[in-house]
Structure formats: C-alpha cells, structure tokens
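Contents: one structure, followed by commentary.
The values are calculated or read from the model by the stated rules, or taken from the named source; none is laboratory data. None of these values were measured; they are calculated from a predicted model. Because the Cβ atoms are built from the backbone with ideal geometry, glycine has one as well, and the counts that use them run over all protein chains shown. Side chains included, ligands, DNA and RNA excluded: accessible areas come from the protein's heavy atoms. Shrake-Rupley method; radii C 1.70, N 1.55, O 1.52, S 1.80 Å.
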Amino acid sequence: MWIDSHNHLQDPRFADGSELIRAMRRAGVERCVVNATREADWAAVRQLAEDHRDFVLPAYGIHPWYAHTATTGWQDRLRSLLLADTRATVGEIGLDQWIAKPDLGTQMPVFLDQLEISRELDRTATIHCLKAWDALFTAFKEQPPPARFLMHSFGGSIEVARRLIPPGAFFSFSGYFLQPRKAKVLEVFRQLPEDRILLETDAPDMAPPPEAITHPLPEGHNHPANLASIASGLARGFGVSPEELSRRTGNNFRRCFP
C-alpha cells in the first residue's frame, strides 16, 4: 500500500475527485494529503476531507505563486480551519524565484506568517522551494519551521538537504524525477537518510515519464493513481523491493504527519 504525501485533487483540471480516489484505491493507494494553493480552494479541500475522512488529509495554505491573492484576515481564517480539524496541516507554502511575479517581496511575508502559524499550532508544513534556497534559510532565521516539515518534490542538492535535516525536514520524491535527465535528483535521494523519504504525485502536475504512466489523462495531466508505478521506479533506483519501500515510506509518513 502507498501514501501520496502531496497532491491537488481539488484542482479544477480534475473533473471528479471521488472518481480519482476510487482509482487510487484500486491502484493500492491508501491515503493522501490534498494541498490547497490559495484561499479560493480551501473550501474544496475541506469538502474532500469531509467526504473521504479515511483517505484525505487536508492541507491549507497559500502557494508562493498566489501570495498576491491573500486577502485581509487570511491568517485568522487559516488558524480557524486548522483548529477545526486536528488532522489538518499547513500547505502548500513556500518561496519561488523561478517566477518573476509575485516577487519575493510579496511572497516572503505570506510565507513567514504561515511558518509562524504552523509552528504555533504544531502542524506539519509542506514547503515548495524553487531557486530560492538562500531566501528559504533567511526566512528560517526569522521564523523557524515547525518540528516537522516536508520539502515537497525536492530537487535541491545534497548539501542543501543536509542543512534542512537537523531542523526536521522530510523529502518527497515525485514521478517527474524518474525522467532520465533528472538522474541527479535520484542520486541525491540515494544519499538521504532512509527515514526521511516520502512519495508524492503532485497530481495533476509533475507527470512521470511515459513508461511509468499507468493511468493516462488528457493534456498530459498526472493521475494520482500513477503513484504505485512511481514507487516501483524509485524502488528500482534504490535497489530495494517495492514492499520494503512501502514499509519505509509508510513509517516515514506517519512520523511526518502524525
């Protein structure tokens, strides 16, 4: 059985979240974390978590791409959502310098407030960081992360990872990194502590290479039921059995998302 530590089942590119979940169950996925990206989809994430309580763990947050959409009082509304559901975590949050707008000056205060809320309520944070490692470590000096945080779809160097491990980082591997041109990412994951590695799809994004797609979707969208195939690819990369990888990542998930 597999756990998808990061996806976006609420994304409007998906027509029917319930049908996706049925396909995921059939493919051996037992649970997933559904991450919001902005205030506008918090309600959809909450509805999925209420309709599928044994399967969906909700994560509420504002993604750096949408930092400019945050409205007055969003911090209080985020706290209320988290307090209403002890399973809820904070995500997807972070920093991104791959995009030009919103700029880091807009992203940073939103990120810092979310770090503070996650630490204050002792909730795991799911962090997106793209071409912004120096900014991330600067942010951590101002607002330390919570005791547990997930660096989702981690594509950084082993040197960056080693700086993130002491404060509590876990790292999730997505199927996109099975692309041959992403071999360096797999090599980094081989060097990570085995008790800090999780699996994710980031569906509908970060699709695996064609040979790993068991559930094709139009326009190249990534089906979350591809997780089992992604896991098999990572197991081969590690030289372990899928059963062993399932045991490891399942135990790690329960520590990261207690």
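Considering only region 78-137, state which residues are touching a strand residue (DSSP E or B) at 6+ places or on another chain (Cβ under 9 Å), part of a loop (DSSP other than H, G, I, E, B) and either among the hydroxyl-bearing types (Ser, Thr, Tyr) or modelled with pLDDT under 95 (or both).
Answer for region 78-137, where residues must be touching a strand residue (DSSP E or B) at 6+ places or on another chain (Cβ under 9 Å), part of a loop (DSSP other than H, G, I, E, B) and either among the hydroxyl-bearing types (Ser, Thr, Tyr) or modelled with pLDDT under 95 (or both): just THR124.
Going by what's in this entry, would ARG190 be described as modelled with pLDDT of 95 or more, open to solvent by 10 Å² or more (accessible area, probe 1.4 Å) and touching a strand residue (DSSP E or B) at 6+ places or on another chain (Cβ under 8 Å)?
no
Quick check on my filter: what residues within region 198-251 are more than 27 Å from ILE165 (Cβ to Cβ), open to solvent by 40 Å² or more (accessible area, probe 1.4 Å) and part of a helix (DSSP H, G or I)?
PRO210, GLU211, PRO218, GLU219, GLY220
Look at region 10-62 and say how many of its residues are assigned to a loop (DSSP other than H, G, I, E, B) and polar (S, T, N, Q).
Total meeting the criteria: 2.
Show the residue pairs that are 6+ apart or on different chains and have beta-carbon atoms under 6 Å apart, the first residue being within region 186-205 and hydroxyl-bearing (Ser, Thr, Tyr), the second being in a strand (DSSP E or B).
These pairs meet every condition: THR201/ASP4; THR201/ASN7.
Do we find that PRO167 is crowded, with 18+ Cβ neighbours inside 10 Å, assigned to a loop (DSSP other than H, G, I, E, B) and in contact (Cβ under 8 Å) with a residue 24 or more places away in the chain in this structure?
Criteria not met by PRO167.
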